[in-house]
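Student: So that we are looking at the same thing, I have put the structure below in structure tokens.
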Amino acid sequence: MRKFLVVLDDSRECLNAMRFAAMRASNTGGGVAILSVIPPDEFNHWIGVGEVMREEARERIHAHFEVFAKWMRDKQGVDPELVIREGDPVVEILAQVRDDPDIGVLVLGAAADKKGPGPLVTQLTRNSGSLPIPVTIVPGDLSKERLEAIT
């Protein structure tokens, strides 16, 4: 089964990327893999404190994931899987694509502000020619109705 890989983070544009991935998966009989990356610089503390912070980060990710997962199951009939990795986000996204041969499309949300599309979109589009899968970039300000129409 082809899976859409979408990145879960705290950005506003993440919501549209999630919606797009779920709608496309639902309409094409695919699946959704949701990847959340914990940057290593969050844990540069004493070992005990770093472990507590790592566990708190995982708990936040699971809670955030469950909100999206419930919507995907209830509204789109898609049961997403959660993958949590630690490291540099771009490196870990590329590693997940390499490690899971079922991933067929990477879905990224683009910020709608004047600062640019966001660091992930910027970095990954620079490398898009060497990626083994297509990248879909979903505008962060696209309406839900428009998303439904194009998926």
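The values are calculated or read from the model by the stated rules, or taken from the named source; none is laboratory data. Treat the numbers as computed from the prediction; the structure is a model and nothing was measured. We place every Cβ from the backbone using ideal geometry, glycine too, and count neighbours over all the protein chains shown.
Student: Keeping to segment 98-109, report how many residues are surrounded by fewer than 22 Cβ atoms within 10 Å (Cβ to Cβ) and of a type in the set (Gly, Ala, Ser).
Tutor: Number of matching residues: 1.
Student: Being within 14 Å of the chain's Cα centre (by Cα), in contact (Cβ under 8 Å) with a residue 12 or more places away in the chain and within 15 Å of ALA21 (Cβ to Cβ) is the requirement here; does PRO80 meet it?
Tutor: Criteria met by PRO80.
Student: Residue pairs, Cβ under 7 Å, 6 or more apart or interchain, first in segment 2-25 and surrounded by fewer than 19 Cβ atoms within 10 Å (Cβ to Cβ), second of a type in the set (D, E, K, R) and part of a loop (DSSP other than H, G, I, E, B). List them.
Tutor: Pairs that qualify, where the first residue is surrounded by fewer than 19 Cβ atoms within 10 Å (Cβ to Cβ) and the partner is of a type in the set (D, E, K, R) and part of a loop (DSSP other than H, G, I, E, B), are ARG2/ASP102.
Student: Another question, then. With the condition kept exactly as written, say whether any residue in segment 91-110 is acidic (Asp, Glu) and touching a helix residue (DSSP H, G or I) at 6+ places or on another chain (Cβ under 9 Å).
Tutor: no
Student: Mind checking which residues of segment 28-59 are farther than 20 Å from GLU148 by Cα, part of a helix (DSSP H, G or I) and modelled with pLDDT of 95 or more?
Tutor: GLU59
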